[in-house]
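Colleague: Here it is: the structure, laid out below.
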Amino acid sequence: MTKVLIVEDEDIVARMYEKALKFNNFEVEVAIGGNEGLEKVKSFKPDLVLLDIMMPEPDGMEVLEKIKSDPETSGLPIVMLTNLSGKHDAEHALSKGAIEYWVKSSVDIKDLGGMINNIVNEKHPENQSN
Amino acid sequence: MKKKAEDGAEIKTSSDYALKIFSLTGIVFFLIFSVVYLLKGDLFAGIVEITIAFTFFLNLIFLTKHKNIDSASSFALLALIPFYLFILTTGGIANTGLFWLHPFPVAALYFKGSKKGLVLSIFLGLILVVIFIFKLLGIYVTPFSLVEIRQALASYILLNIFIYFYQKGNESKQKLVEEKEKEVNKRQEELVKTMGKGKTLESQFEQERDKLNLIINSMGEGLLVVDKDYKIRMINHTAELLLGVKEKKVLGTEWHKLANAYIGGKEIPFKQRVSIQVLNKAVTIQTVLEDDHYYLVKSSGRKFPIVSVTTPIFEDSKVVGAVKVFSDATQEKEAKILIEEAIKSKTKELKYEQQRSHAILENTGEGVILTNDKGKITYVNPAFEKMSGYDNDYLSGKDFSETIKAYDLKENEIPPAQISDAAAVTAEKQEMKLMLQKKEGEKIGVIINSAPVRSQTNFIGVVRVIHDVTDDLQLQQQKDDFFSIASHELRTPLSVITGNLDTVLAGYGKSQMTKEDLALLQDSMDASDRLIKMVGDFLNISRLDQGRLNYEIRQVDACFVIESVVHELMPLIENKGIKLSYTCINDPKHKMVLVDENLLKEILINLIGNSLKFTDKGEIKIEHGLKDNMSYIKVIDPGVGIAKDKQKLLFQRFQQAMNRTLAREAGGTGLGLYISREFARVMGGDLVLEESELGKGSIFSFTLPLANSVK
């Protein structure tokens, strides 16, 4: 099963994604806030991280930078899932190593699982059998 | 008949009358004849008589209208020749006795002095003579009797004799007039010659002297002539009045006995009097208002300021006298004093004004910078010193735009030229919102109002008033932040509601739920979707209103965006069982547009979504082309259409939201089309309802700027 870590400061939002993904047969772990996110990246060892940006310190951009600067986790695909819709924010995140930048309002929750699978399968073609 | 006539000569009025009467008589005469013949029953003769009357009539018209003998003669010739030929060949009007009258109109022309008239007259005479001789000799027998021909000849000759004497009479009258004229001219010449002669040198001299006296006595200035002994030799009327004397009494009197002279309040000693100096030194001396030169008239005791010019008179290079021209300068003196006083008080006012202006500048909260015509700072007030951290001494003599760095509100540096004095002069009045860098490096938001200062028309510098808006900008930033947070806060709970409902409806925990439960959840889901859309609309309206819409214009592939929106909506379209067609613009060069991709998507989703909502069968077409150098996209649906009276409400902001009778956009805020149009306009295009008819469908279209304009 594909392991997804959701880093999100709002528990109701996190839970929404958690339930939807679990329903689609993902193994899901939720981290409330950036610090918990950084811990769980190491303990849970996810295949992909869904990372919110607007969070109390450390925010999503800082978390992204930390994950990418740690050699142990730098290869992890990180998808920014945020309410910020500016082009500027997207470019910034992609330049820091995020693999995708999704705006929450334009991601249909029904499609989320498929979108994640696309990325994971592209990254690790051997997992395609999942 | 030797009278020479000039071709084309103008008709003279004198003989004009005679001719007109002549022609009129002809007309009357021949009309009577024709009536007589017609009464007798001789139709042919009657018509001939009318023809002759008509000939006279035409003659009359020509003479009065054309006023040119040659045209009249030409006509007469043309009219009469066929007439004569007719008579001579047919002889159809024998015994009418009219023959002798025929030359009359022609003769009349000759009468007026035309060459053609003369030719015609001779021609007619010859015809008559030939006819006469032929008749006598029996060669050609006309129906006319010899008597008649003789009558005609006689009348012809008589007429010509009459004309001859008439002309002659005219000629002699003319001669007489010419002679009289000559005589008059001669007399005039003589008169001119006589004039100029007989005037003596003496009278001429007297005249000149009178003229000179007239000039001197009508001068506004007083004039005195003194001889080398200082005695008055001439005094004009003005001088008499000024000095209160009579010419007769003062001629021969010494000048200094009439009046004392003062300078600067002191009497001038005799030897230093201006006239004495002029006589002794043989120079011209002028005294002006500033010299404080006064005369005190001894007889009356009247004292008055004067200005004067005194010039020596030479005879054989020796000074024999002096001419003094002077005037009473009382009025000028008074005026001068008034002006001096006015200047004093104005100077005081000015100083007061300056102090006041200075106090205002020193104490106002607005920053003020003054520069001179060279663009160098001459003054900076304390408010600006405080604002910028630079002091007056540091800035004085420096160029404003070169010294203080300026940035736009996005913190890009502004080139100095844009805020230079030259720019201020060109713009005449300039208001700019920008950021200035303080001496310490921090940036402040300011509004700079600059204007060139002119004194009369001379440019003397630029004044800049600087209003600190740092706090306003911060407030604006806070508002912006609040907005994005508010929209985030609004969206998050809504998206959680829809997201969870979606998951449940997709089957999560489905086993415990009845169909009715699911229907209720579906309703909640639809309601949430609507709520999300409404929140989105209101946020967009607020952003548009406050000019805070976030967008970024870039080169975008319009085909790609349209295709992706179509792809996104495809499930809905297929669900409804209708078709949708789209073909990218023909020329791939024109598919690139300058837009914000998200705004473009919103417009497309709105237009196609509306069409979808109101179309139950058939095909929605998206056409993509060019119009007026713009990308042109049409969304055509065969749906329910919009009633004419509702069409104008479509783009009104709140009208629709309140007017539920408009079925279009049911379930939304009714702001979708308004927002789409605003989005199109923000990007430099426009959005319109092209046409719509109830039951037949609607066509909406919008334009977008091309990345590469069509040539």
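Colleague: Residues that are within 14 Å of chain B (Cβ to nearest Cβ) and in contact (Cβ under 8 Å) with a residue 12 or more places away in the chain: does the stretch A:61-77 have at least one?
Modeller: So in the stretch A:61-77, the residues within 14 Å of chain B (Cβ to nearest Cβ) come out as none.
Looking through the stretch A:61-77, none of the residues is within 14 Å of chain B (Cβ to nearest Cβ) and in contact (Cβ under 8 Å) with a residue 12 or more places away in the chain.
Colleague: Kindly check whether there is at least one residue in the stretch B:403-415 that is in contact (Cβ under 8 Å) with a residue 40 or more places away in the chain and not in a strand (DSSP E or B).
Modeller: Yes, the conditions are met somewhere in the stretch B:403-415.
Colleague: Going by the conditions given, is B:LYS634 at pLDDT 90 or above, out of contact with any helix residue (DSSP H, G or I) (no Cβ under 9 Å at 6 or more places or on another chain) and assigned by TED's automatic domain parsing to the domain that holds B:ILE562?
Modeller: So B:LYS634 passes the test.
Colleague: Among what's in the stretch B:604-641 and is among the basic types (Lys, Arg) and under 26 Å from B:LYS533 (Cα atoms), pick the residue that is nearest to the other protein chains (Cβ to nearest Cβ).
Modeller: Step by step, filter the stretch B:604-641, then rank; the result is B:LYS613.
Colleague: Suppose the filter is free of Cβ contacts under 8 Å to residues at least 60 places away in the same chain and of a type in the set (Gly, Ala, Ser); does B:SER611 pass it?
Modeller: Taking the combined requirement at face value, the residue does not satisfy it.
Colleague: A follow-up question, please. Any idea which residue in the stretch A:42-52 is nearest to A:ASP89 (Cα to Cα), counting only those that are surrounded by 21 or more Cβ atoms within 10 Å (Cβ to Cβ) and not charged (D, E, K, R)?
Modeller: Only one residue fits best here, namely A:LEU51.
Colleague: Among the residues in the stretch B:452-473, are any among the hydroxyl-bearing types (Ser, Thr, Tyr), outside any strand (DSSP E or B), within 13 Å of chain A (Cβ to nearest Cβ) and surrounded by 15 or more Cβ atoms within 10 Å (Cβ to Cβ)? Lay out the reasoning, then the answer.
Modeller: Of the residues in the stretch B:452-473, the ones among the hydroxyl-bearing types (Ser, Thr, Tyr) are B:455, B:457, B:470.
Retained after the next criterion (residues that are outside any strand (DSSP E or B)): B:457, B:470.
Checking which are within 13 Å of chain A (Cβ to nearest Cβ) leaves us with none.
No, because not a single residue in the stretch B:452-473 is among the hydroxyl-bearing types (Ser, Thr, Tyr), outside any strand (DSSP E or B), within 13 Å of chain A (Cβ to nearest Cβ) and surrounded by 15 or more Cβ atoms within 10 Å (Cβ to Cβ).
Colleague: Still on this structure, I have one more. If you check every pair at least six apart or on different chains, which have Cβ atoms under 7 Å apart with a residue in the stretch B:323-349 that is touching a residue at least 24 places away in the same chain (Cβ under 8 Å) first and a residue that is part of a loop (DSSP other than H, G, I, E, B) and surrounded by 12 or more Cβ atoms within 10 Å (Cβ to Cβ) second?
Modeller: Note: pairs meeting the criteria are B:VAL325/B:GLU221; B:PHE326/B:GLU221; B:SER327/B:GLU221.
Colleague: Which of the numbered conditions does B:GLN546 fail, given that it passes all the others? Conditions: (1) of a type in the set (S, T, N, Q); (2) over 45 Å from the mean Cα position of the chain (by Cα); (3) more than 27 Å from B:MET630 (Cα to Cα).
Modeller: With respect to (1) of a type in the set (S, T, N, Q); (2) over 45 Å from the mean Cα position of the chain (by Cα); (3) more than 27 Å from B:MET630 (Cα to Cα), B:GLN546 is out only on (2).
Colleague: Next question, about the same structure. Any idea which residue in the stretch A:80-95 is farthest from the other protein chains (Cβ to nearest Cβ), counting only those that are more than 22 Å from B:LEU494 (Cβ to Cβ) and surrounded by 16 or more Cβ atoms within 10 Å (Cβ to Cβ)?
Modeller: Ranking the candidates gives A:ALA93 first.
Colleague: Let me ask something additional. Based on what the data block shows, is B:ILE369 in the same structural domain as B:GLN437 (by TED's automatic domain parsing) and touching a Leu at 6+ places or on another chain (Cβ under 6 Å)?
Modeller: Here the answer is no, as B:ILE369 does not meet what is asked.
Colleague: When you check B:ILE404 against the structure, is it surrounded by fewer than 16 Cβ atoms within 10 Å (Cβ to Cβ) and within 46 Å of the chain's Cα centre (by Cα), yes or no? Steps first, please.
Modeller: On the way: surrounded by fewer than 16 Cβ atoms within 10 Å (Cβ to Cβ): no; within 46 Å of the chain's Cα centre (by Cα): yes.
Here the answer is no, as B:ILE404 does not meet what is asked.
Colleague: Any residue in the stretch B:493-511 that is away from chain A (no Cβ under 14 Å) and either without any contact (Cβ under 8 Å) to a residue 24 or more places away in the chain or within 30 Å of B:LEU370 (Cβ to Cβ) (or both)?
Modeller: No - not one qualifying residue is present in the stretch B:493-511.
Colleague: Identify all residues within the stretch B:363-382 that are in contact (Cβ under 8 Å) with a residue 60 or more places away in the chain, over 14 Å from B:ASN449 (Cα atoms) and either hydroxyl-bearing (Ser, Thr, Tyr) or assigned to a helix (DSSP H, G or I) (or both); write none if there are none.
Modeller: Matches in the stretch B:363-382: B:THR378 only.
Colleague: Filter the stretch B:548-558 for residues that are in contact with a strand residue (DSSP E or B) (Cβ under 9 Å, 6 or more places away or on another chain) and surrounded by fewer than 18 Cβ atoms within 10 Å (Cβ to Cβ); which is farthest from the other protein chains (Cβ to nearest Cβ)?
Modeller: So, considering only residues that are in contact with a strand residue (DSSP E or B) (Cβ under 9 Å, 6 or more places away or on another chain) and surrounded by fewer than 18 Cβ atoms within 10 Å (Cβ to Cβ), the one farthest from the other protein chains (Cβ to nearest Cβ) is B:ASP557.
Colleague: Still on this structure, I have one more. Mind checking which strands (runs of 3 or more DSSP E) fall wholly inside the stretch B:558-645 and carry at least 2 residues that are under 54 Å from the mean Cα position of the chain (by Cα)?
Modeller: The strands (runs of 3 or more DSSP E) meeting that bar are B:592-595, B:619-627, B:630-637.
Colleague: Further question: Given the options B:THR378, B:THR364, B:THR347, B:THR330, name the one that is of a type in the set (Ser, Thr, Tyr) and within 22 Å of B:ASN236 (Cα to Cα).
Modeller: B:THR330
Colleague: If you don't mind, there's one more thing I want to ask. Scan the stretch B:562-603 for residues that are in contact with a strand residue (DSSP E or B) (Cβ under 8 Å, 6 or more places away or on another chain) and within 14 Å of chain A (Cβ to nearest Cβ) and jot them down.
Modeller: B:LEU569, B:MET570, B:VAL595, B:ASP596, B:GLU597, B:LEU600
Colleague: Still on this structure, please answer the following. Taking A:ASP111, is it at pLDDT 90 or above, closer than 25 Å to A:ASN24 by Cβ and within 11 Å of chain B (Cβ to nearest Cβ)?
Modeller: Considered against the rule, which asks whether it is at pLDDT 90 or above, closer than 25 Å to A:ASN24 by Cβ and within 11 Å of chain B (Cβ to nearest Cβ), A:ASP111 comes out as no.
Colleague: How about the stretch B:383-402: which of its residues are more than 26 Å from B:ASN458 (Cα to Cα) and either acidic (Asp, Glu) or in a strand (DSSP E or B) (or both)?
Modeller: Scanning the stretch B:383-402 gives B:GLU385, B:ASP391, B:ASP393.
Colleague: Only one residue in B:ILE532, B:ILE541 is among the β-branched types (Val, Ile, Thr), touching a Leu at 6+ places or on another chain (Cβ under 8 Å), in contact (Cβ under 8 Å) with a residue 24 or more places away in the chain and more than 11 Å from every other protein chain (Cβ to nearest Cβ). Which one?
Modeller: B:ILE541
Colleague: Would it be correct to say that A:LYS104 is among the basic types (Lys, Arg) and within 14 Å of another protein chain (Cβ to nearest Cβ)?
Modeller: yes
The values are calculated or read from the model by the stated rules, or taken from the named source; none is laboratory data. Keep in mind that this is a model prediction, so the values were computed, not measured. Every residue, glycine among them, receives a Cβ derived from its backbone with ideal geometry; neighbour counts consider all protein chains shown.
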